[in-house]
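Comments concern the structure below.
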Amino acid sequence: MRIIVEGWRFLCHSYSVVNQFQLLEMLKRPDLEVFHRDMPYIDAAWKTEISDRDRATQILHNIPNAGPNQQADITLRLYCPWNFVNSTSNQTWVFAATEWGTVTNNVLAGIGVSSLTETPVNSGAKIITCSQWSKDGLIRSGVQPNRIAVVPLGVDTDIYHPITNEQRTALRKAFGWQDYFVFLNIGGCTDRKGIRPLLKAFAAVIERYPNARLVLKGSELLYPSRDEIAQASHAVLTDAEREKVADRVIYTNSQLSFAQVAQLYQAADAYVSPYLAEGFNLPVLEAAACGLPVICTLGGPTDDFTHADFALQIESKFRPLTIEGENVSILAPNLEHLTALMVAVAEQPAIAARARSTGPSFVAGRFTWKHAINHLLDVFQASETKAKINRPAFEPIIL
């Protein structure tokens, strides 16, 4: 099978991360011939730092470029704005994820339409999305359900895995975390990712556990995470809370390799993600793979890949919301329940002990990139089989 992948590489954006790991797994398959076509970033200011010494980067660089006349069985697109125009391949698939319970006006403006129904989304191209939550949002926006396939994302367990107690002790000492209980959150520190309830709950937690620390890994190359944190703290914290929290929040905006990000998971005590709107939330899966107990919002995409053995789910309400005149939907996490779960994981070592054994095995058995590509190829094959069945047995002769 020949596959042309059109997308982003070498960027810390989620679409680029997904594309890179999928490409690396595809290249392991002897029955696949893979070509790549780099697409422009949405924002010319987006940048990344690439180490040519990294073996995975070298492998990605060496993928043959797809020329304008390259023929293939499949074209798979992983970039924005979404492009639903048919390719020259037999099948055209577009990776699309929705966070806000619908496709937002901002996304539609990027495509240049006022509705998805103005695109060929229900004709030729089909959609790969990563969660049932995201699929539901696409359906609300006018996509026919039979044109959407849900393919969960994965984790590279050679990178994201637990380390020994001795290694963890040394790593925590190197980070200066040895005397603290560390809650971790990774990604753009925006409102939709739950920075406001996270800060408010943490302020309550440190009243009982002043040795707690909240480590935030932002994405300054793409988003103004530091500004988002400052705005959130002024919005939800009192002056007294802000003073106490300021000394206990550890923020880093450094661009880290995947292995360096894995070290944050491996050294932390718990991962917390009280998100309001997400398409998948890959850090939750990565944290589980590293053996961390995870605290995440109930009712969203993380329902697809978490289990009670390692995940504590925050009660939430599905709530319509109007933002700048646009109607969207969020999951509003219950603040008191979030606080209670953070306290529970700090007070009950058995929660972490159970997560350390069950999380990695759960992820390794169901949600690696090998599983993701197997699922993706099954979707392609099923679509091709269906097309053959529906194809007429003979072609009419035109005289």
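Here are some notes:
- Residues being in a helix (DSSP H, G or I) and either in contact with a strand residue (DSSP E or B) (Cβ under 7 Å, 6 or more places away or on another chain) or not assigned by TED's automatic domain parsing to the domain that holds Ala44 (or both) are entirely absent from the range 213-224.
- Members of the range 147-173 found to be more than 30 Å from Ser123 (Cα to Cα) and in contact (Cβ under 8 Å) with a residue 24 or more places away in the chain, listed by number: Val155, Asp156, Thr157, Ile159, Tyr160, His161, Pro162, Ile163, Gln167, Arg168, Leu171, Arg172
- Residue within the range 380-396 that is of a type in the set (A, V, I, L, M), assigned to a loop (DSSP other than H, G, I, E, B), more than 20 Å from Gly137 (Cβ to Cβ) and modelled with pLDDT of 95 or more present: no
- Matching residues, the range 13-42, being polar (S, T, N, Q) and modelled with pLDDT under 95: Ser14, Ser16
- Set side by side, the residues Gly300, Gly291 differ, and just one is crowded, with 18+ Cβ neighbours inside 10 Å, among the small types (Gly, Ala, Ser) and either free of Cβ contacts under 8 Å to residues at least 40 places away in the same chain or farther than 22 Å from Ala353 by Cβ (or both), which is Gly300.
- The listed residue being of a type outside the set (S, T, N, Q), at pLDDT 95 or above and within 27 Å of Ala277 (Cβ to Cβ), out of Leu321, Leu335, Leu377: Leu335
- Flag if Thr92 is buried (at least 17 other Cβ atoms within 10 Å of the Cβ) and either more than 25 Å from Pro283 (Cβ to Cβ) or without any contact (Cβ under 8 Å) to a residue 24 or more places away in the chain (or both): yes
- For the range 126-148, filtered to residues that are farther than 20 Å from Leu282 by Cα and among the polar types (S, T, N, Q), the residue that is surrounded by the fewest Cβ atoms within 10 Å (Cβ to Cβ) is Asn146.
- For the range 328-340, a residue qualifies if it is surrounded by fewer than 23 Cβ atoms within 10 Å (Cβ to Cβ), in contact with a strand residue (DSSP E or B) (Cβ under 7 Å, 6 or more places away or on another chain) and either among the hydroxyl-bearing types (Ser, Thr, Tyr) or in a helix (DSSP H, G or I) (or both), and the qualifying residues are Ser329, His337.
- Taking the conditions (1) part of a loop (DSSP other than H, G, I, E, B); (2) in contact (Cβ under 8 Å) with a residue 24 or more places away in the chain; (3) more than 30 Å from Thr98 (Cβ to Cβ) in turn, Gln178 satisfies each one other than (2).
- Checking Pro40 against (1) free of Cβ contacts under 8 Å to residues at least 40 places away in the same chain; (2) in contact with a Leu (Cβ under 9 Å, 6 or more places away or on another chain), the condition it does not meet: (2)
- When we screen Ala232, Ala203 for residues that are crowded, with 18+ Cβ neighbours inside 10 Å, modelled with pLDDT of 95 or more and in the same structural domain as Val182 (by TED's automatic domain parsing), the only hit is Ala203.
- Residues of the range 150-175 that turn out to be part of a loop (DSSP other than H, G, I, E, B) and in contact with a helix residue (DSSP H, G or I) (Cβ under 7 Å, 6 or more places away or on another chain), as a count: 11
- Among the residues listed as Phe258, Phe280, the single one being among the aromatic types (Phe, Trp, Tyr), more than 29 Å from Ile323 (Cα to Cα) and touching a residue at least 24 places away in the same chain (Cβ under 8 Å): Phe258
The values are calculated or read from the model by the stated rules, or taken from the named source; none is laboratory data. Every value quoted in this text rests on a predicted model; they were computed, and no experiment measured them. Glycine gets a Cβ as well: all are built from the backbone with ideal geometry, and neighbour counts include every protein chain shown.
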